[in-house]
Each structure stands twice: as structure tokens, then as C-alpha cells.
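First up is the structure itself, then whatever we jot down about it.
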Amino acid sequence: MSILEFSKIFQGIPVFSINDIEKRFPGFERENLLNWQKKGYLLRVRNGWYSLADGIKTQEQVYYTANKIYAPSYISLESAFAHYGWIPEGVFTLTSISTRKTTMFDTPKGRFSYASIKPALFFGYRIINKDGYGIKLAEPEKALLDFLYFHPKAQEEDDFESYRFNLPQMCADIQTEQLEAFSALFSSPSLMKRLSTINKMIDNAQSY
């Protein structure tokens, strides 16, 4: 098999698994993967997952990769904050939520971190369709709740100051009814207390 024939099938797909390859090419010789990596045609993103050398270029393609190489998962926490413009700087680690165990992968396309959450709390993400594939990204309200869930020590306003939140943008993005509905599913008084602190900060920012 030639790399040209292979590339025609996987062109436009940011990342694909060995299973994906073998479904399209029954009897595929895995030795090709190593040879094509050596020649610079392929990248091994993580064990069992590959991309064409130019297959992951845009932020959306990186998001899709994060979703696929450790599923089920969706983009959340600081990465969702950056996407929505809630924090001023980009993040060097792409952060996701998963029902699988907490883990991290260092890849040729960056570091991918996954925080484990119980299945009952794996909700509240939207699917963004981009170039024929879907990206799972936390809704603004769920991104905030995920963040509070995984930062239990942040209690007072001073604890949140270092994040330099864009409070007016958060206010514009967050739907109160949705936030209340999502937060009720956590059934956590301590999380609700932390949420009230954030809400107070947002309200104060709107008064200026």
C-alpha cells in the first residue's frame, strides 16, 4: 500500500485509530505505520492513535483529537474558559473531563489532561460541528461548575483573583436558569457556596 492511497482516505480526519485503519483496509500491515512515521508522513499521537503529518493544525482539530484519544471526554475547565474568553491567556495543557481515570498524555501536538468525574456528572456539553466532525465542548455553565468541582479549596474571592476572570464576558455567556439546573445535579452544598462567591464577583463587576 502507498502512503498516497492511505492519505486519500484519512485526509481531513485529524486523528484516527488502528481500528479505524483496519476497518478501511482489511489485512493492513501495521509495519507501514512505523515506516511512514520514520519518513515523516505520519505522527503517533498516542498508543493506537495516529494523524497525518499535517492533519492537526487548527484549534478545533486539537479539540477533536482530545475527544477521540481518550473517550468519552469533552473539553472543559481552563481550556473551555480560554475558548469562551473568560481568562486572558491561552493554556498550554488542553483540559478535558472524562468518566475514565484521571490521566495525562504528552503528544507531538501538546499535552492533554483528563480529570475523572462520576458518570452521573458527565453532562452539559455541546457538540460543535466543524469540517464534518463533531467536537464535544462544555457549555459555559458546566465549564464553570466543573472548575468549582475540581477546585474545592477556592472558597473566597481572593482565591479566584489569580485567574483574572473576564467577569463581564462570563455574565454575558452564562444563562442563570441553566446554571441553576446544572448545579442542582451536583447535590453539593460546598460547591453551591463556591458558586455563590463567583456569582457575587460577577454581580459586583456588573455594577461598575
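The values are calculated or read from the model by the stated rules, or taken from the named source; none is laboratory data. It should be emphasised that the depicted structure is a prediction, and the values quoted were computed from it without experimental measurement. Every residue, glycine among them, receives a Cβ derived from its backbone with ideal geometry; neighbour counts consider all protein chains shown. Just so you know, the surface numbers come from the protein's heavy atoms only, side chains and all, with ligands and any DNA or RNA stripped out. Shrake-Rupley method; radii C 1.70, N 1.55, O 1.52, S 1.80 Å.
Considering only residues of the stretch 186-208 that are over 13 Å from LEU148 (Cβ atoms) and outside any helix (DSSP H, G or I), which is modelled with the highest pLDDT?
For the stretch 186-208, the residue satisfying everything is SER187.
Just checking, how many residues over the stretch 96-105 are in a strand (DSSP E or B), β-branched (Val, Ile, Thr) and open to solvent by 20 Å² or more (accessible area, probe 1.4 Å)?
1
How many of the residues in the stretch 157-199 are over 20 Å from TYR84 (Cβ atoms) and loosely packed, with under 12 Cβ neighbours inside 10 Å?
So the answer is 6.
Looking only at the stretch 54-71, decide whether some residue is in contact with a strand residue (DSSP E or B) (Cβ under 6 Å, 6 or more places away or on another chain), of a type in the set (Asp, Glu), open to solvent by 40 Å² or more (accessible area, probe 1.4 Å) and under 28 Å from ILE174 (Cβ atoms). Step through it out loud before you land on a result.
First, pick out the residues of the stretch 54-71 that are in contact with a strand residue (DSSP E or B) (Cβ under 6 Å, 6 or more places away or on another chain): 60, 63-64, 66-67, 69-70.
Of the ones still in play, those that are also of a type in the set (Asp, Glu) are 60.
Pick out the ones that are also open to solvent by 40 Å² or more (accessible area, probe 1.4 Å) and you get 60.
Going one step further and asking which of them are under 28 Å from ILE174 (Cβ atoms), we end up with 60.
Checked the stretch 54-71: at least one residue is in contact with a strand residue (DSSP E or B) (Cβ under 6 Å, 6 or more places away or on another chain), of a type in the set (Asp, Glu), open to solvent by 40 Å² or more (accessible area, probe 1.4 Å) and under 28 Å from ILE174 (Cβ atoms).
Name the single residue, out of those in the stretch 122-150 being of a type in the set (D, E, K, R) and open to solvent by 10 Å² or more (accessible area, probe 1.4 Å), that is farthest from GLN11 (Cα to Cα).
Going through the stretch 122-150, the residues of a type in the set (D, E, K, R) turn out to be 126, 130-131, 136, 139, 141-142, 146.
Retained after the next criterion (residues that are open to solvent by 10 Å² or more (accessible area, probe 1.4 Å)): 126, 130-131, 136, 139.
Values: ARG126: 25, LYS130: 15, ASP131: 12, LYS136: 21, GLU139: 30 Å.
Ranking the candidates gives GLU139 first.
Looking only at the stretch 1-34, count every residue that is under 16 Å from THR65 (Cβ atoms) and part of a loop (DSSP other than H, G, I, E, B) and tell me the total.
Number satisfying all stated conditions: 5.
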